[in-house]
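Peer 1: One structure follows; several queries about it will come next.
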Amino acid sequence: MDKFEKLKILASAAKYDVSCATSGSSREGDSSGLGSAVAAGICHSFSDDGRCISLLKVLYSNHCIYDCAYCANRRNNDIPRAAFTPEELVDITINFYRRNYIEGLFLSSGVMKSPDYTMARLTKVVRDLRELHRFNGYIHLKAIPGADDALIREAGMYADRMSVNIEIPSEKSLQYLAPEKDFGSVLKPMHFIKETKAEYLPARRNARKAPKFVPAGQSTQLIIGATPDTDNQVLQLASSLYHENELKRVYYSGYIHTNTSDSRLPAIPAPPLRRENRLYQADWLMRFYEFNVEEIVDDAHPDLDLELDPKLAYALRHPEIFPVDIQKADLHMLLRVPGIGPKSARLILSARRYGHVSSYLLKKMGVVMKRAQFFITCRELQGKKVSDMKPEHMRMMFLDKSARKITPDAVQLKLFQR
């Protein structure tokens, strides 16, 4: 099998990994090297200046010693198998870059022979790219759970970002679907990457040319819909990862039913894309809107509302805290108003130091008044507020048209149940 046949197999096998994090690092190019990584998005995302940036997303190998029920590359699946040599993958990356196909590399792998064996080969790929070819482009590298700390440390000196995929949101579900794995082996490299990154920060403050260790941080992926875990469990795990391991991103991947012969997996006809989208919205609230998990989901509401975005659902569950006075509310309260984002909230705080903030100014600041008008008060803004209306009426008013068309009976039923 030549390397282009391998590329066809291994690029296709990498499509299930969605944790293609944005760069967040700055590795400047110079005359002695090839390429550069700027503080911009990677893997078909958009940078701050509007550029679409792409990278080579590929597995080193789809051979794997594990038999995880949810994985398309599991040991017992009868699929075409392939593995690069480090030299082949380095050659493909450099040639693709020179042809302007890519601006970086996203490299993962199945576990061949052992975690150490696999991690050593991934490390050789990124080491050769950096040292032999002076490649300064973006590199996102998977850390293999169970690999020796020394290998992960070396790999982190060459990668911009590293990630360890947890995949399943709870220990119990992981043991059921992947009995050869456990949470401890996945979390251990996350802790190590966090601690090692902290070791290098003092040197970076004192010397600009000091070595960088995973400058863009780390991320992970959670599969949604393969297990009965609630959104509460998923978001509690994500919150702990952000606070305890300082992850940059948690990615949520709707489960795709590829292994149809395994009775442990739900036979769902399509990935739960709406649930995936709601989880991303809830994740955004935790990261940028000062929300705690308990405000988004709790024991009484363990799953996100699929018909309303989490911020609006929160507001309708708590009409007692609204309407918010635009002239007096602090940042924390402004961020809880549907239609007001972090940028708009800070503009409001700045503008009201100089006088009254009118509804006209709110629109100019980017506030979505179609939503916000029911949850705020300002001098000239008239009309009913959320406190004057029944929550079920407000809910029907905000339901998007697609939800009304798809499940009108289910919507009505939920209204009478709440």
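Peer 1: Looking at region 14-31, can you tell me whether even one residue there is closer than 22 Å to Val164 by Cα, surrounded by 17 or more Cβ atoms within 10 Å (Cβ to Cβ) and at pLDDT 90 or above?
Peer 2: No, every residue in region 14-31 fails to be closer than 22 Å to Val164 by Cα, surrounded by 17 or more Cβ atoms within 10 Å (Cβ to Cβ) and at pLDDT 90 or above.
Peer 1: Kindly indicate the residue of region 223-255 that is among the small types (Gly, Ala, Ser) and in a helix (DSSP H, G or I) and also least open to solvent (accessible area, probe 1.4 Å) among those meeting that condition. Give the steps one after another, and end with the answer.
Peer 2: Start the filter on region 223-255 by keeping residues that are among the small types (Gly, Ala, Ser), which leaves 225-226, 238-240, 253-254.
With the extra rule that they be in a helix (DSSP H, G or I), the set shrinks to 238-240.
Values: Ala238: 0, Ser239: 23, Ser240: 38 Å².
Selected residue: Ala238.
Peer 1: Additional query: Given Val337, Val297, Val367, which one is under 30 Å from Ala178 (Cα atoms) and open to solvent by less than 50 Å² (accessible area, probe 1.4 Å)? Steps first, please.
Peer 2: Values: Val337 fails: under 30 Å from Ala178 (Cα atoms); Val367 fails: under 30 Å from Ala178 (Cα atoms).
Result of the check over Val337, Val297, Val367: Val297.
Peer 1: Among what's in region 320-332 and is assigned to a helix (DSSP H, G or I) and open to solvent by 50 Å² or more (accessible area, probe 1.4 Å), pick the residue that is farthest from Ser387 (Cα to Cα).
Peer 2: Ranking the qualifying residues of region 320-332, first place goes to His332.
Peer 1: When region 310-319 is examined, which residues are found to be touching a residue at least 12 places away in the same chain (Cβ under 8 Å) and open to solvent by 30 Å² or more (accessible area, probe 1.4 Å)?
Peer 2: Selection gives Arg317, Pro319.
Peer 1: Of the residues in region 88-124, how many are touching a residue at least 24 places away in the same chain (Cβ under 8 Å), surrounded by fewer than 17 Cβ atoms within 10 Å (Cβ to Cβ) and closer than 17 Å to Asn62 by Cα?
Peer 2: Qualifying residue count for the region: 3.
Peer 1: Here's another thing I want to ask about it. Pro266 passes all but one of (1) under 24 Å from the mean Cα position of the chain (by Cα); (2) at pLDDT 95 or above; (3) open to solvent by 30 Å² or more (accessible area, probe 1.4 Å); which number fails?
Peer 2: Checking Pro266 against (1) under 24 Å from the mean Cα position of the chain (by Cα); (2) at pLDDT 95 or above; (3) open to solvent by 30 Å² or more (accessible area, probe 1.4 Å), the one that fails is (2).
Peer 1: For residues that are more than 14 Å from Lys188 (Cβ to Cβ) and either within 14 Å of the chain's Cα centre (by Cα) or not aromatic (Phe, Trp, Tyr) (or both), tally how many sit in region 151-162. I'd like the intermediate steps shown before the answer.
Peer 2: Step one: list which residues in region 151-162 are more than 14 Å from Lys188 (Cβ to Cβ), which gives 154-161.
If we keep only those that are either within 14 Å of the chain's Cα centre (by Cα) or not aromatic (Phe, Trp, Tyr) (or both) too, we end up with 154-157, 159-161.
Result for region 151-162: 7.
Peer 1: Need the failing condition index for Glu167 against (1) farther than 18 Å from Tyr66 by Cα; (2) in contact (Cβ under 8 Å) with a residue 12 or more places away in the chain; (3) open to solvent by 10 Å² or more (accessible area, probe 1.4 Å), just the number.
Peer 2: For Glu167, the failing item is (1).
Peer 1: Please work out which one of (1) within 23 Å of Leu222 (Cβ to Cβ); (2) surrounded by 14 or more Cβ atoms within 10 Å (Cβ to Cβ) is the condition Gly137 fails and give its number.
Peer 2: All conditions pass for Gly137, except number (1).
Peer 1: Could you give every pair whose Cβ atoms fall below 9 Å, whose first residue belongs to region 203-222 and is in a loop (DSSP other than H, G, I, E, B), and whose second residue is among the acidic types (Asp, Glu) and buried (at least 21 other Cβ atoms within 10 Å of the Cβ), counting only separations of at least 6 or pairs across chains?
Peer 2: Short answer, once both residue conditions are applied: Lys212/Asp160; Val214/Asp160; Pro215/Asp160; Ala216/Asp160.
Peer 1: Then there is this: Take the conditions out of contact with any Phe, Trp or Tyr (no Cβ under 9 Å at 6 or more places or on another chain), open to solvent by 70 Å² or more (accessible area, probe 1.4 Å) and of a type in the set (Lys, Arg) and apply them to Arg274. Does it pass? Reasoning before the result, please.
Peer 2: Details: out of contact with any Phe, Trp or Tyr (no Cβ under 9 Å at 6 or more places or on another chain): yes; open to solvent by 70 Å² or more (accessible area, probe 1.4 Å): yes; of a type in the set (Lys, Arg): yes.
Yes.
Residue-by-condition table, conditions (1) open to solvent by 70 Å² or more (accessible area, probe 1.4 Å); (2) in contact with a Phe, Trp or Tyr (Cβ under 8 Å, 6 or more places away or on another chain); (3) more than 19 Å from Ile144 (Cα to Cα):
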position: Tyr176; (1), (2), (3): yes, no, yes
position: Glu180; (1), (2), (3): yes, yes, no
position: Phe183; (1), (2), (3): no, no, no
position: Phe192; (1), (2), (3): no, no, no
position: Ala198; (1), (2), (3): no, no, yes
position: Pro202; (1), (2), (3): no, no, yes
position: Asn206; (1), (2), (3): yes, no, yes
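Peer 1: Return the pairs, sorted by first residue and then second, in which the second residue is open to solvent by 70 Å² or more (accessible area, probe 1.4 Å), the first residue lies in region 281-293 and is more than 13 Å from Leu241 (Cα to Cα), the beta carbons are less than 6 Å apart, and the residues are 6+ apart or on different chains.
Peer 2: Glu290/His332
Peer 1: A further question follows. Evaluate region 343-357: report whether one residue or more is within 21 Å of Leu308 (Cα to Cα) and either assigned to a loop (DSSP other than H, G, I, E, B) or open to solvent by 10 Å² or more (accessible area, probe 1.4 Å) (or both).
Peer 2: From region 343-357, those within 21 Å of Leu308 (Cα to Cα) are none; that's our starting set.
No: zero hits.
The values are calculated or read from the model by the stated rules, or taken from the named source; none is laboratory data. For clarity, every value in this text was computed on a predicted model and none was experimentally measured. Methodologically, a virtual Cβ is constructed for each residue, glycine included, from the backbone with ideal geometry; neighbour enumeration extends over all protein chains shown. The accessibility values were calculated without ligands, DNA or RNA, using every heavy atom of the protein model including side chains. Shrake-Rupley method; radii C 1.70, N 1.55, O 1.52, S 1.80 Å.
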